[in-house]
Amino acid sequence: MSRARVLVLNAALGPLDYRVPHGMTVEPGSIVVAPLGPRQLLGSVWEPERLPSAAEVGDNRLRPLLAVADVPPLREPLRRLIEWTADYYLAPPAAVLRMTLASTSALEGARLLIEYRATGERPARLTPQREQALDRIGDRQGLIRELATIAGASDGVIRGLVKCGAIEAVEVDIDSPYPVPDPDHAPPELSADQQAAATTLATDVAARAFRPTLLDGVTGSGKTEVYFEAVAQALRDGRQALVLLPEIALTEPFLQRFHARFGCEPVAWHSGLRSTQRRRAWRAIACGEARVTVGARSALFLPYQDLGLIVVDEAHETSFKQEEGVHYHARDVAVMRGKFEDCPVVLASATPAIETRQQVATGRYAELQLPARFGLAQLPAIEPIDLLAEPPERGRWLSPPLVAAMRETLDRKEQVLLFLNRRGYAPLTLCRACGHRFQCPNCTAWMVEHRLTRRLACHHCGHAEPTPRACPECKAEDSLVACGPGVERIADEVAALFPEAKTAVVTSDTIWSPAKAAEFVGRMEAGDIDVVVGTQLVTKGYHFPNLTLVGCVDADLGLEGGDLRAAERTFQQIRQAAGRAGRGEKPGRVFLQTHSPGAAVMRALVTGDADAFYEAETDARREAGAPPFGRYAAIIVSSEDQPAALEIARLIGRAAPAVDGMHCYGPAPAPLAMLRGRHRYRLLVHARRALDVQDVIRDWLGALEWPAKVRVTVDVDPYNFL
Ligand code: ADP
Ligand code: ZN
C-alpha cells in the first residue's frame, strides 16, 4: 500500500492524503489529479514531513489518485521556494503552487488545438456588433474565448462570425520546439569596464553557485550587454537562464535586442500570452528546452529544469512587488530562488533600492559598477526650474525656459520627452457652478478625466463613466472644469505651442500590450514622433539616440503622500526619466520643474551626487528603524460592511501580542478608506529586523476568528502605503 501527500490547488484546504493506485508511480513534485468530493483537483505530491497534515486519514479510507500529468515532477529547489514564499509572505502554499502551475492546459498532455482567426472576408450586412468585433480582432488569433475578450463581445458573437465565414478555425502545432539561442551569434566588443564585469558574471555562472550581485551602472552604460554575456555562459553550459523585466511593455524591445545578440528570440512569459503560447512555453520551460526565458514577475515560479542564472533588470522597480494574492516581491524571491537553485542572481539597476545597497554594504551581495555611459554618450546635465520664479502662463503647465528648450530641440529635429506621472487629462474634475467633485462610487478617490476616451475613470478600481455634459448635482451645463494636469492635458498644451510637432501620449492606457510598445518604439526610431508625453512607463529601459531633451513637468509629484520611500522613489523615477536623454552621440539636457529647488532630493538630482543622497536617506531609515533596518507588515481588514470591518480590525488590534521589539499601530482607516466597494482599516506592525514577525503574526491571527464577509490580508514588507 502506498500513500501520497498532495498539496492540492485549493487555498482553503490543507494538504490531503491519497492512495497511489497499483501501476501508478509518483514522487515528490509529481503533478497529479486528485478526487475531492465529486470534483477533481490538480496538485503536487509533497514530502509528508515538510507539509504536516492536520488530520491523518487511515489507509483504508484513502481515495485513489486519478492520474499523473505527463510533465516532469517539480524539482526540489522549486518545492523549497514554494514553501519559503508561503512562509515568508504568510500565504497558503497552494496559492504559491498555483503560480507555478500557471497553465493547466500544459498539464493535459499532447493534444491537438484549434484556434480561430479572421479570414479577411467581410460578409455584407454584418451587425454593428460583429463589425466592431472584427475590427478589434484584426489579425489576431486565439481561442473563441480569447477573441471574445479582445473584441469585448460574447462568445456567441465570435461563433456567429465563424458561421458566416468571417472567422475560420486553424489547427495549431502547439508544442513545436523553440529555436536555440547562439551565444556566439553577434557578441559585442565590450569596453574595458564592461568586459571586467561580464567576465566576473560569466565566471559566476560557470561556478554554479549562489551568488547575488548588484550590477550598478548609470543609464546607458550597457548593463544589458554585460548581463547578456552571463546569459551566453549559461547557454554554453547547456543551462537555462531567466531574465525578469518590470513591465510587459518592455518585453518587445528586449526580444528584438536579444534577437540581434543571440540570433533568435527567447521564450517570453507574461500575462498577455494566449493560452496556447502559455502552454507551449510552460512545457518547454519544464523540460529544459526553453533555454532563455524573459518575463514579468510571474515567470519566477515556473518549473525550470536546470536554472543557471537569474537576472532582475531594473531591479529597483516597485512593480516587482505583487499587490494581489500572494504579496511577494519578485526581486527578493528571485534571490531566494537563486539560493535554492545554487545559481547566481544579477540585480541590474542605475538607481538601486536602499535595501539592495544595504545588502552590498554588509557584504551579502557582490557589486559590479559601470561608472560611465557607453561610447561617446555623456550623462545629461540636469537643471532645476523654480516654478515660483519662472511660472508658466495662467492655465498652462510648461514654464518659459522649458518651452524655449523644447523649441531649440525641435528646431534641431531632435526629440523631446515630457515626463509626468499622471494618466488622463486632469486628476480632478469639478463643477464651476456648485463645486461638485466627481468621486468614485467604490473608492475614496477622485475620478480622473480621460479626454481621449471621453470618460471619467477611477485609477484604483477601474470604474468608468462617460463624462457628463451637465453637473449631476446642480444640473448646470458645460460647467465642468479640469483641475491640475495629466499627460493628455500636457499633450494639448504642446499641440497649442508647437502645432507642427507630432506628439504621442505614452501611458498604460495607450501602451497596453507588447505589440503596442513595439509600435511606439518603431515610430520613435523612424522619427515619426517629436514629443513624447509619458508616465513612468516611458522612463524604463528605452533607448532613443535622437531624444535629447527631457522635461519633468512636476518633479515634486512623487513626494506627495510622503510614505517612507517617497524621496527615494522620486530620485529613482526622475533619474530614470533623465536617463532617457542623450543616449547617443548628441548630448542631452534635463529640466526639473519644481516648487522646492532647495529640497535635498532636487539638489541630489541636479548635482548628480547620488551617494550623498543615498547616505542621508539610509541614515534617516536607520534612525527610524525603517527597512532595511527594521521591518513593517501591514494588516488590512476590509469588508463591504463597515462596522464589521472596524470591529474585526479592533479585535485584531486588542489581541496584538506584547513582543519585545515589536509595535502595532492602529487600526486606522487606510488612506484609501474605501476600495472597490470595501471599507478598509489598516494595522501597521513595526518590528526590529531580527524578529520573526511572520511567526508572531501567524500565531496572533491564527487564534482569532472573523465572519466570511470580512477579509484580512497581510502584506509583509509593504511598498504600497495606501
Ligand atoms: P543600460 O541598460 O545600462 O541603460 P544598455 O545596455 O541599454 O544600457 O546600453 C545602452 C546603449 O549602448 C544600447 O544601445 C547598447 O546597444 C549600446 N551599447 C552598450 N554597450 C555596447 C557595446 N559594448 N558595443 C556596442 N553597443 C553597446
Ligand atoms: Zn474606484
- Item | Accessible-area ranking of SER271, SER221, largest first, probe 1.4 Å | SER271, SER221
- Message: Once each part is reduced to its C-alpha centroid, what is the distance from region 646-674 to region 374-420 in angstrom?
- Response: 46
- Note on the structure: Phi-derived 3J(HN,Hα) across region 193-210 with the Karplus relation (6.51, -1.76, 1.60, θ = phi - 60°), rounded Hz, x for Gly and Pro, is 4, 4, 4, 4, 5, 4, 5, 4, 5, 5, 4, 4, 5, 5, 6, 6, 10, 5
- Loop-located trypsin sites (Lys or Arg not before Pro) in region 40-118, at most 14 other Cβ atoms within 10 Å (DSSP): ARG111
- Rounded accessible area per residue of the chain, 1.4 Å, Å²: 43
- the chain - share of DSSP beta bridges that are antiparallel (%, nearest 5): 55
- Query: Magnitude of the Cβ-charge dipole of region 31-141, K/R +1 and D/E -1, about the Cα centre, nearest 20 debye?
  - Reply: 440
- Item | Per-residue ³J(HN,Hα) for region 264-275, Karplus 6.51 cos²θ - 1.76 cosθ + 1.60, θ = phi - 60°, Hz, x for Gly and Pro | 7, 7, x, 7, 9, 9, 6, 5, x, 6, 6, 4
- Query: Per-residue HN-Hα couplings for region 89-99, Karplus 6.51 cos²θ - 1.76 cosθ + 1.60 at θ = phi - 60°, whole Hz, x for Gly and Pro?
  - Reply: 9, 6, 10, x, x, 4, 5, 6, 4, 4, 6
- Query: In straight Cα distance, which lysines are under 17 Å from LYS516, not counting same-chain residues fewer than 8 positions off?
  - Reply: LYS540
- If every Lys and Arg gets +1 and every Asp and Glu gets -1 at its Cβ, then about the Cα centre region 296-402 yields a dipole, in debye to the nearest 20, of 80
- Among TYR365, CYS164, LEU418, whose Cα sits farthest toward the positive end of the charge dipole of the chain (+1 at Cβ of Lys/Arg, -1 at Cβ of Asp/Glu, about the Cα centre)? CYS164
- Could you list which residues have their amide H under 5 Å from that of VAL448, counting only those 5 or more apart in sequence or on another chain, with H placed in the peptide plane? ALA457, CYS458, HIS459
- Task: Can you find, among THR507, THR224, LEU245, the residue farthest towards the positive end of the dipole of the chain? Put +1 on the C-beta of Lys and Arg, -1 on that of Asp and Glu.
- Result: THR507
- Please calculate the 1.4 Å probe accessible area of LYS502, with all protein chains present, and give it to the nearest 10 Å². 100
- Note down the accessible area of ARG455, probe 1.4 Å, to the nearest 10 Å². 100
- Message: 5 Å is the cut-off here: which amide hydrogens, built 1.01 Å from N in the peptide plane, fall below it relative to VAL243, excluding neighbours closer than 5 in sequence?
- Response: THR293, VAL294, GLY295, VAL311
- Along the charge dipole of region 609-722, Cβ charges K/R +1 and D/E -1, which of VAL714, CYS664, VAL637 sits furthest on the positive end? VAL637
- Query: GLU488 accessible area, nearest 10 Å², 1.4 Å probe?
  - Reply: 20
- Task: May I ask for the distance between the Cα centers of region 253-331 and region 63-90, given as a whole number of Å?
- Result: 19
- With axes computed from alpha carbons, what is the tilt in degrees of helix 76-88 against the longest principal axis of the chain, rounded to the nearest 10 within 0 to 90? 60
- Task: Rank these residues by their accessible area, most exposed first, probe 1.4 Å: GLU314, GLU252, GLU323.
- Result: GLU323, GLU252, GLU314
- Query: Hey, what angle do you get for helix 400-411 against the long axis of the chain, alpha-carbon based, 0 to 90 degrees rounded to 10?
  - Reply: 80
- Message: For TRP446, TRP706, give me the order by solvent-accessible area with a 1.4 Å probe, most accessible first, ignoring ligands, DNA and RNA.
- Response: TRP446, TRP706
- Of the accessible area of region 525-627, with the probe set at 1.4 angstrom, what percent is carbon plus sulfur? 49
- Message: Give me the dipole magnitude in Debye, nearest 20, for region 117-157 about the Cα centre, with unit charges on the beta carbon: positive for Lys and Arg, negative for Asp and Glu.
- Response: 40
- Item | Residue-averaged [θ]222 nm for the chain, counting only DSSP H segments that reach four residues, each worth -39500 (n - 2.57) | -9000 deg cm²/dmol
- Sulfur and carbon atoms: percent of accessible area, region 295-401 [1.4 Å]: 50
- Item | Cα-based reach from LYS413 at 19 Å (exclusive), listing aspartates and glutamates while leaving out same-chain residues under 8 positions away | GLU500, GLU525, ASP528, ASP530, GLU585
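The values are calculated or read from the model by the stated rules, or taken from the named source; none is laboratory data. None of these values were measured; they are calculated from a predicted model. For neighbour counting, all protein chains shown are included, and Cβ atoms are generated from backbone atoms with ideal geometry for every residue, glycine included. Calculation scope for accessible area: heavy atoms of the full protein, side chains included, ligands and nucleic acids excluded. Shrake-Rupley method; radii C 1.70, N 1.55, O 1.52, S 1.80 Å.
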